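The values are calculated or read from the model by the stated rules, or taken from the named source; none is laboratory data. Just so it is clear, the structure is predicted and the values come from calculations on it, not from any experiment. We place every Cβ from the backbone using ideal geometry, glycine too, and count neighbours over all the protein chains shown. Calculation scope for accessible area: heavy atoms of the full protein, side chains included, ligands and nucleic acids excluded. Shrake-Rupley method; radii C 1.70, N 1.55, O 1.52, S 1.80 Å.
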Amino acid sequence: MLNWLENAVFYEIYPTSFYDSNGDGIGDLKGITQKVDYLKSLGIDAVWFNPFYKSPFKDGGYDITDYYEVDKRFGTMEDFDEMVKAFKERGIKIVLDLVIGHTSDKHKWFRRSAQAKKNKYYDYYVWTDDVNTDYPGVIRGLYYRNGGYVPNYYASQPALNYGFEQLDPNAPWKLHYTDPRLKPLREEILNIMRFYLDKGIDGFRVDMAGHLIKEGQTFDEKKYYDEYDEKTSGIQWFWHEVLGTIRSEYSDKVYIAEWDIPQLAIGKCGFDMDFLTHDTFMFNDLYKNEKDLNLSPYFERGDNYFSENGKGTIKNFLHYVEYLYEKLGDKGMFTAPTGTHDEVRMPTRKSTDIIKCIFAFALTLKQIPMIYYGDEIGMVHNYSASKDGGGKRTGARTPMQWTDGKNRGFSTVEEKDLYLPVDYEEGRSVESQDKDENSLLNTVRKLIKIRKSHSALNVSSAQEQVYVEGDGYPYIFRRKNEKESILVAINPSREAKTVTINGEVLYGNNYKKVGDKVELTGCSFLIVKE
Ligand code: GLC
Ligand code: CA
């Protein structure tokens, strides 16, 4: 594993909503540059940026029309270069989103490949060989080419062609993933990576990394464990080619898969990191919100562990991560982020004390912590209408709440002209929390400091389960290396629990000493050095 990942803390920024520098109501790269000192004050090490490339925004920028251009909503390539410089000066690393599963249907590669006459881009996308050929999801009859194209997510996102897992004698249009006709596209992708790596960025988060080969591995959350291990051939071949090449040219860069199966992404395909998000029962079990949020079934999974009612369970999660630690060895590590642009906002309906428990857990666990912008001040899901193809996810993408004033200090535009609405829930702004020593924001800062100043909390240090009662309230674990040993106790439920913990208190919330025992009074955490 890369050295700098040992104690790295990541932060995700959705550029549309971080800071608007020119008063047009929408976030931009200059705005992010202006807020770099805030990022520094948090103590984070690296930022993952959602796409800022040229796009019609049918899917939040995950529908690219030009990989080499900054969309005008965000500024220019010069603004990007300045941003890189400002981040470098502060020692903060930059991770970009590499969206290579598909492009926008407005991308010139696709326009060319849709032409009747064969050209350079003929094999860039997944096309059937006849407009009458049926195939699941195929879009037919829109273009002159005699064939239909296979989209990935929305109809406007035609799948780039990395081949199929197997040849099909009845469908010769399905190229095998090793077919030499697919090499030019791979070369194109490598060039995009080189372009940004040459600008000094530090790595990529790869969109849909596990789903690039058609008819390859499928997603089935019930088969999370060893069953998956055998199903990697095409995608494994692909990533060995691509990561192998790029790693031989650039060292020390991080590659983060959006896959949600770390034993494959890291263990088999050579990534450094992978997520535990999306539809994984692990993420649902921990952070997702109760059913009465009135969003959609995708977002609502009932009881979760970090909930005052104490009805969730942490056991499935622990079981799975134990398995992962063993499988991954020192090859890399997963991140269980506090949220992403695709999830319901974790702090929604959670008290500040519970959110503090989540951060105490996330920042001490054997994992690579990642904070979704705004979670550090407890921003809630704020959904009113879909924007940029976000659907209900739009509620997790609203403007960062900087101040208590107009537009939360995000933009000077008239409120009605804001690109996305701001939320005014009291106290949830950087301005108000900066002043309060015990605020969520300052708690997060302190926890990050603790993470960074204790090597026992490094990724490669051990983790032992010490105590899990019933379904896990309280949950106590130990982080340890040859230098030191740290004990972390969390009790998200509101019911008090008394435990025996000895050592020097590094940090805690809602606990009291009772004789030689400690009472975790509810919604509490405690971190001690043994
Ligand atoms: C990933 C992105 C998501 C996007 C999808 C399609 O899951 O995180 O926002 O809609 O890919 O590109
Ligand atoms: Ca702007």
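Each peptide among 14-22, 50-58 gets the average number of other Cβ atoms lying within 10 Å of its residues, and from highest to lowest they stand as 14-22, 50-58. Projected onto their three principal axes, the Cα atoms of the stretch 172-215 cover extents of 42, 20, 11 Å, largest first. Within the shell of other residues whose beta carbon sits under 11 angstrom from the beta carbon of Tyr467, the net charge comes to 0, with Lys and Arg scored +1 and Asp and Glu -1. Close amide H contacts of Ser485 (hydrogens built in the peptide plane, cut-off under 5 Å, sequence separation of 5 or more or a different chain): Glu530. Between the amide H of Phe334 and those of Asp274, Ile368, distances stay under 5 Å, these residues lying 5 or more places away or on another chain, with hydrogens modeled in the peptide plane.
Just the protein heavy atoms count here, and of the accessible area of the chain at 1.4 Å, carbon and sulfur take up 47 percent.
Distance distribution note for the stretch 463-529: the fraction of Cα pairs above 19 angstrom is 24%.
Taking the Cα centre of the chain as origin, sum charge times position over the Cβ atoms of Lys and Arg (+1) and Asp and Glu (-1), and report the length of that vector in debye to the nearest 20.
For this selection, approximately 400 debye.
Measure nothing fancy, just the Cα-based angle from helix 315-328's long axis to the longest principal axis of the chain, in degrees from 0 to 90, nearest 10. Long axis of 315-328 versus the principal axis of the chain: about 60 degrees. Please determine, in degrees from 0 to 90 and to the nearest 10, the orientation of helix 233-249 with respect to the longest principal axis defined by the Cα atoms of the chain, where the helix direction is its Cα long axis. Tilt relative to the chain: about 80 degrees.
Across the stretch 55-186, the volume of the C-alpha convex hull divided among the residues equals 131 Å³ per residue.
Listed by chain and number, the lysines whose alpha-carbon sits under 16 Å from that of Lys387, ignoring those within fewer than 8 places in the same chain, are Lys58, Lys416. Convex hull volume of the C-alpha atoms in the stretch 31-110, normalised per residue: 92 Å³. Both the radius of gyration and Dmax for the stretch 319-410 are 15.7, 50 Å, in that order, over alpha-carbon atoms.
Packing, as the average of other Cβ atoms within 10 Å across residues, places the peptides 134-143, 181-190, 236-245 in the order 236-245, 181-190, 134-143, highest first.
Here's the list of aspartates and glutamates a cross-link from Lys331 could span, going by alpha-carbon distance under 14 Å and ignoring same-chain residues fewer than 8 apart: Glu6, Asp252, Asp272, Asp274.
Here the stretch 102-161 is treated with +1 on each Lys and Arg Cβ and -1 on each Asp and Glu Cβ, and its dipole about the Cα centre works out to around 400 debye. Could you list the square roots of 5 times each eigenvalue of the Cα gyration tensor of the stretch 399-525, that is, the equivalent ellipsoid semi-axes, sorted largest first and rounded to whole Å? They are 37, 18, 13 Å, listed largest first. How much of the calculated P(r) for the stretch 102-161 lies past 17 Å, in percent of all Cα pairs? In whole percent, the long-distance tail amounts to 24.
Solvent-accessible area per residue in the stretch 463-529 equals 45 Å², computed with a 1.4 angstrom probe and all protein chains kept. With the Cα gyration tensor of the chain giving a ≥ b ≥ c as the square roots of its eigenvalues, does the rule (a/c under 1.5 for rounded; else a/b larger than b/c for prolate; else oblate) give rounded, prolate or oblate? In terms of gyration-tensor shape, prolate. Electrostatic tally near Lys106: other residues with Cβ closer than 10 Å to its Cβ, Lys and Arg +1, Asp and Glu -1, net +1.
The HN-Hα couplings worked out from phi for the stretch 460-466 by the Karplus form 6.51 cos²θ - 1.76 cosθ + 1.60 (θ = phi - 60°) are 7, 6, 6, 9, 10, 6, 9 Hz, whole numbers, x standing for Gly and Pro. The order of the peptides 494-507, 99-112 by mean Cβ neighbours within 10 Å, most packed first, is 99-112, 494-507.
Charges were assigned to the Cβ only: +1 to each Lys and Arg, -1 to each Asp and Glu. The resulting dipole of the stretch 463-529 about its Cα centre is roughly 160 debye. Taken one residue at a time, the phi angles of the stretch 393-402 give Karplus couplings (6.51, -1.76, 1.60, θ = phi - 60°) of 4, 3, x, 9, 10, 7, x, 4, 9, 7 Hz. Gly and Pro are set to x. Would you give the gap between the C-alpha center of the stretch 42-80 and the C-alpha center of the stretch 380-443, rounded to a whole Å? Their Cα centres are 20 Å away from one another. Residues in the stretch 96-112 carry Karplus couplings, in order, of 9, 8, 9, 9, 10, x, 7, 10, 6, 5, 8, 5, 5, 4, 5, 4, 5 Hz; the curve used is 6.51 cos²θ - 1.76 cosθ + 1.60 with θ = phi - 60°, and Gly or Pro positions show x. Scanning residues 5 or more positions from Thr313 or on other chains, those with amide H under 5 Å from its amide H are Tyr305, with H placed 1.01 Å from N in the peptide plane.
Cross-link pairs exceeding 26 Å in C-alpha to C-alpha distance, out of Lys108/Lys214; Lys449/Lys480; Lys183/Lys253; Lys40/Lys366; Lys327/Lys449; Lys88/Lys327, comprise Lys327/Lys449; Lys88/Lys327.
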